[in-house]
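For reference, the structure is listed below as structure tokens.
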Amino acid sequence: MTLPEILALSRVQGRRPWTWAIVLALGLTNFLSDTLVPHAGPPRPLWYYGLYFLAVLTSNGCGIWVGPWPWQWTGRPGDYPPLLRGLGQALLFGTACFIPVLLLRMGVHALVRPGSLSYGLYLLRSFAVTFITMSCLMGFGVVAFQKEDAAREEAEQKAQAARWMLLRGQMNPRFFLEAMDRLVDLIRLDPAAAERASMRLSGLFRRIMDHGRSHLVSLASERALVERYLELEGLWLGTAPRVAWEWDPELDEVLVPPFLMQPLVENAIKHALALPPAGGELRISGQLQGGRVALQVENPVAAPVPPQAPSRGLDDLEARLRLAFGEEGAFRLVHTPALTRAELTFPVLQEAL
């Protein structure tokens with residue numbers, strides 16, 4: 001790893017509570033083991049204990065924050081050193097770090113007992129091997145945890161990407177195959193209309209392929225896809241469905257998973273407008289309030305009672321909603337004698353998935 005990468009990992013580690021807990025626990029253990037041992041000489045003032053505790057925390061902090069550096073350094077981005085190289089670097093680095101830490105602890109003690117050279121030599125004999133060994137072990141442990149954490153995060157990202165690809169793959173072929181079946185029927189009934197439909201279907205399918213390449217798309221792009229889809233449905237039905245849009249302009253820049261609106265409109269067409277008697281007005285609305293998005297699609301004709309089972313498109317839609325928003329996303333179908341309404345509510349995403 002390079003120095004900027006190492007410093008970035010150190011900053012992340014400094015924001016984790018367990019790091020401070022380890023430093024504090026080790027510091028208290030070392031401090032109490034040193035200060036509770038009876039000693040000869042005059043009583044030590046209270047300020048001595050405060051400075052000595054600070055010195056102990058500094059030495060342990062070196063092990064937690066600075067100790068991992070030799071186990072990370074290679075000079076190559078994203079690359080960790082092999083075990084023997086890391087151990088050699090850690091021994092040299094720990095020895096170099098021990099000298100300023102030893103001087104700090106000797107300086108604190110010298111404030112109480114000036115000229116105590118013998119105590120410095122005692123610290124050198126007693127703590128050199130312990131400090132260097134602990135620095136190496138703590139650094140190795142922290143880096144092992146970082147590697148495991150990075151591997152787990154990478155596995156989660158790959159699993160999430162695989163789930164997104166699976167859900168997109170379930171939608172695109174299904175929609176295309178259903179459209180092809182309709183086109184074959186239309187060729188027998190009205191060749192001229194079938195020619196127009198094939199051109200629109202080709203354009204729509206190219207847009208669908210572009211639309212599904214990203215995990216997130218804008219709601220403006222979603223609306224444009226729905227409008228293309230409704231144009232094509234007009235050819236299947238023989239007359240274009242009337243659509244009333246109530247759309248908050250602020251929604252255009254909101255990012256959402258692809259194909260969030262099209263399944264709602266498709267469900268409305270299949271379960272209402274496409275049933276005899278055909279016709280009616282489809283109402284599509286979208287509002288942005290308090291950082292949450294509300295999308296609604298209303299059928300002017302109620303669905304059959306009891307309602308038919310939700311379509312595969314709605315099942316996929318719910319899966320994408322859970323994947324993107326967790327418990328904060330909600331999907332609901334409301335049936336009344338006058339209409340059927342599909343509702344989606346979810347928060348505005350603050351970052352890319």
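Give me the one-decimal nm value for the distance between modelled label points at ARG16 and GLU154, 7 Å along each residue's Cα-to-Cβ direction.
1.7 nm
Could you list THR340, THR29, THR19 so that the one with the fewest beta carbons within 10 Å of its beta carbon is first and the one with the most is last? Could the numbers behind the result be given before it?
On the way: THR340 21, THR29 12, THR19 17.
In order of increasing Cβ crowding within 10 Å: THR29, THR19, THR340.
State the extension gain, in nm to one decimal, for the chain segment bounded by ARG188 and ALA25, taking 0.36 nm per residue of separation less the distance between their alpha-carbons.
50.6 nm
Taking the highest mean first, how do the peptides 200-206, 43-49, 281-287 order by number of other beta carbon atoms within 10 angstrom per residue?
The densest-packed peptide leads the list: 281-287, 200-206, 43-49.
Going by average Cβ density within 10 Å per residue, which order do the peptides 74-82, 191-199 take, highest to lowest?
Packing proxy ranking, top to bottom: 191-199, 74-82.
Sort ASP316, ASP181 so the one with the fewest other Cβ atoms within 10 Å of its own Cβ comes first.
By the 10 Å Cβ count, ascending: ASP181, ASP316.
Take TRP47 and ALA319, extend 7 Å from each Cα along the Cα→Cβ direction, and tell me the distance between the two endpoints in nm.
Distance between the two pseudo-spin positions: 7.0 nm.
For MET138, MET1, what's the fewest-to-most ordering of other Cβ within 10 Å of each Cβ?
Neighbour counts put them in this order, fewest first: MET1, MET138.
So, by mean Cβ neighbours within 10 angstrom, what's the order for 5-15, 246-256 with the highest one leading?
For the peptides 5-15, 246-256, the packing ranking is 246-256, 5-15.
Tell me the label-point distance for the pair GLU327, SER214, using the 7 Å Cα-to-Cβ offset, in nm and rounded to one decimal.
3.1 nm
Values in this text are rule-based calculations from the coordinates and carry no lab data. Because the structure is predicted, anything quoted here is derived from the model rather than measured. Glycine also receives a Cβ, built like all others from the backbone with ideal geometry; neighbour counts cover every protein chain displayed.
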